[in-house]
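Step one of this worksheet: look at the structure below.
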Amino acid sequence: MMMILPRRPVRQRALRVKFGFATRLKARNGRPMTAAEKHDAIEDARRTGIDLSLIDANLALPVKERWRQHDAALGFLLKLEEAKRKHDTGLRPTAREAR
């Protein structure tokens with residue numbers, strides 16, 4: 001699924017509110033968020049294309065499993081970068097790049 005970027009950045013508090021951190025969050029003016037503001041933040045996140053069910057599913061995993069998944073994804077990314085680097089060293093510059 002292609003994610004459409006929001007026109008304005010999603011407030012970070014939107015995700016925190018969804019998962020119970022709302023008691024520590026403050027609205028922009030420093031006061032605690034109201035229930036309506038919390039609801040709006042969650043809806044903003046949904047409207048911008050954030051799949052909150054994936055976040056729920058990930059947070060349901062034990063921390064050790066989340067770290068394992070992170071390390072596996074990082075290892076894969078590093079292998080991709082290395083493969084790209086090896087591939088790019090074998091390329092010859094085009095006439096446009098030689099200028």
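So Val63 clears everything in (1) at pLDDT 90 or above; (2) touching an Asp or Glu at 6+ places or on another chain (Cβ under 6 Å) except one condition, right? Which one?
Only one criterion in (1) at pLDDT 90 or above; (2) touching an Asp or Glu at 6+ places or on another chain (Cβ under 6 Å) is unmet by Val63, namely (2).
If you check Thr23 against the conditions, is it exposed (fewer than 12 other Cβ atoms within 10 Å of the Cβ), touching a Pro at 6+ places or on another chain (Cβ under 9 Å) and modelled with pLDDT under 85? Talk me through it step by step, then tell me what you get.
On the way: exposed (fewer than 12 other Cβ atoms within 10 Å of the Cβ): yes; touching a Pro at 6+ places or on another chain (Cβ under 9 Å): yes; modelled with pLDDT under 85: yes.
The answer is yes for Thr23.
The values are calculated or read from the model by the stated rules, or taken from the named source; none is laboratory data. Given the structure is predicted, the values throughout are model-derived calculations rather than measurements. Positions of Cβ are generated from backbone atoms using ideal geometry, with glycine treated the same way; all protein chains shown enter the neighbour counts.
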